[in-house]
Amino acid sequence: MSFADGLFRPLVTLVIAVVTVIHLIDRPPSLPGLTWALTAVAIAAAVTSAFVLDRLPEGWAVAVLTVFVLVSALLFALAPATAAVAYVFLATSTAGRRLRSFQVAVVLAVAGSVLATITTWLVNVPDAPPWWLCLTAGLPVLFGLIRRERANAQVAAEYAAALEERGRIAHEIHDVVGHSLSGIAVQLDMADALHAAGKSGEANEAVLRARALAVSGLKETRRAVHALRDAAVPLPESISRLAESHGASFRVIGEDPVSVEIAQAIIRAAQEALTNAHKHAPGAEVDLVLEYTASTIRLTVTDNGPAQEQQCGGMGLAGMRERAALLGGTLFAGREGPGWTVRMELPR
């Protein structure tokens, strides 16, 4: 619930009610009996609209707002020198904000304007507003409609973001868990076939490979969970934490917000590269550089380990290249100068 609905609107409603009563006592109306009766109904409808309208069924909401608009339109003409004139504007604005039917809201606004104009023309009271001012009584319905459309647009945007997040998590699960489970299934099928063929030793080796895949998949799943959680943290901070946890140096060149998908891909690449360096070049100095340019973001991880072919752990280079390609980027892994380099470059 917004601030306007949760506090401001009820507060304004109560203030108008109190000031209206004070005005009517201080400035007795020309038709006191009718004016006081209409004021009581208008206050009741206003309080209902402010506090419980959003919890009412649509039919009841239409009924309450119809009474609110028509009664407040009469008060606009009968008590022009009081705060009661504000009720018709509040009523038509609420109709535009709350009612699902655009046509019903507009009809109520037009009816309020016409009724206020006709009543002002028929009932000659002191300080009566001009006819053209009565016609403005329905204009706030437009503000209500605009506010409702903005609220609907915000809900739609939040829903789209939720769907995008679900898709991102599904992709992550597919990459990590699906890969591990597929490998385990293959190894177990092989073990079953080897056992049936009487090759117990080779069957046991296949079972051990399946177990190794399960352990690796569990580690990858944990890393994926950490990556999903770190995606909410600014990217440089996430990479800095990874570098610190692995005893690596880190520096950032420039800084600019990027999408969650790009941030997660960069984080996963950093995790893979750091795991690779720890596994194949223990004790080597590792340096991470995160660089923002006008059109790209680039992560470079280098180590000064021995000259040997290295492969990233877990999903490996193939998975990282696929992730980069899906985002329109590239991944390089190989020797550059004296050390091993992993570089992911993605368009922003």
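No value in this document is a laboratory result; all are computed from the given coordinates. The structure presented is a predicted model; accordingly, all values stated were derived computationally and were not measured. Cβ: placed from backbone, ideal geometry, glycine included. Neighbour counts: every protein chain shown.
Shape class for the chain: prolate, because the ratio a/c of the largest to smallest gyration tensor axis (alpha-carbon atoms, square roots of eigenvalues) is 1.5 or more and a/b beats b/c. For ARG348, nonlocal amide neighbours, meaning residues 5 or more places apart or on other chains whose placed amide H falls under 5 Å from its own, are THR296, ILE297.
For VAL286, the residues 5 or more places off, or on other chains, whose built amide H falls under 5 Å of its own are SER249. The dipole here belongs to the chain: it is taken about the Cα centre, uses +1 on the Cβ of Lys and Arg and -1 on the Cβ of Asp and Glu, and is about 820 debye. Each peptide in 339-348, 318-327 receives the mean, over its residues, of other Cβ atoms within 10 Å, and ordering these scores from highest gives 339-348, 318-327.
Taking every DSSP beta bridge with both residues inside the chain, roughly what % is antiparallel (nearest 5)?
On the way: 22 of 27 bridges.
Just about 80 percent of them are antiparallel.
Rounded to whole numbers, the Karplus 3J(HN,Hα) couplings from phi for region 52-68 are 10, 4, 5, 9, 8, x, 4, x, 5, 4, 4, 5, 4, 6, 4, 4, 4 Hz, using 6.51 cos²θ - 1.76 cosθ + 1.60 with θ = phi - 60°, and x at Gly and Pro.
Is region 233-348 rounded, prolate or oblate when judged by the Cα gyration tensor, a ≥ b ≥ c being the square roots of its eigenvalues, rounded requiring a/c under 1.5 and prolate requiring a/b larger than b/c? Can you show the working numbers first?
Values: a/c = 1.73, a/b = 1.37, b/c = 1.27.
Prolate shape, in that a/c is at least 1.5 and a/b is the bigger ratio.
Could you state the angle between the C-alpha long axis of helix 316-326 and the longest principal axis of the C-alpha atoms of the chain, as a value from 0 to 90 degrees rounded to the nearest 10? In the chain, helix 316-326 runs at an angle near 40 degrees to the longest axis. The long axis of helix 235-245 is offset from the longest Cα principal axis of the chain by roughly 40 degrees.
Can you list the trypsin sites (Lys or Arg not before Pro) in region 33-127 that are in a DSSP coil and have 16 or fewer other beta carbons within 10 angstrom? Present the calculation step by step, with values, prior to reporting the outcome.
Numbers: sites: ARG55, ARG97, ARG98, ARG100; in loops: ARG100.
Sites meeting the loop and neighbour criteria: ARG100.
Database remark: amide H of GLU336 closer than 5 angstrom to the amide H of THR341 (H placed geometrically; neighbours at sequence offset of 5 or more, or on other chains; Pro and chain starts carry no H).
Charged neighbours of GLY329, selected by a Cβ distance under 14 Å, balance to +2 (K, R count +1; D, E count -1).
Between LEU108, GLY144, LEU299, the Cα set farthest toward the positive side of the dipole of the chain (charges on each charged residue's Cβ, about the Cα centre) is that of LEU108. Normalising the average separation of contacting C-alpha pairs (under 8 angstrom, six or more residues apart) by the number of residues puts the relative contact order of the chain at 10 percent.
Which listed residue (VAL52, THR35, LEU70) has the Cα farthest towards the positive end of the charge dipole for region 3-138, taking +1 on Lys and Arg C-beta and -1 on Asp and Glu C-beta about the Cα centre? Value computed over the given set: VAL52. Converting phi to 3J(HN,Hα) with the Karplus coefficients 6.51, -1.76 and 1.60 and the offset θ = phi - 60°, region 95-112 yields 4, x, 6, 9, 6, 5, 7, 4, 5, 5, 4, 5, 4, 4, 5, 5, 4, x Hz in sequence order, with x at every glycine or proline.
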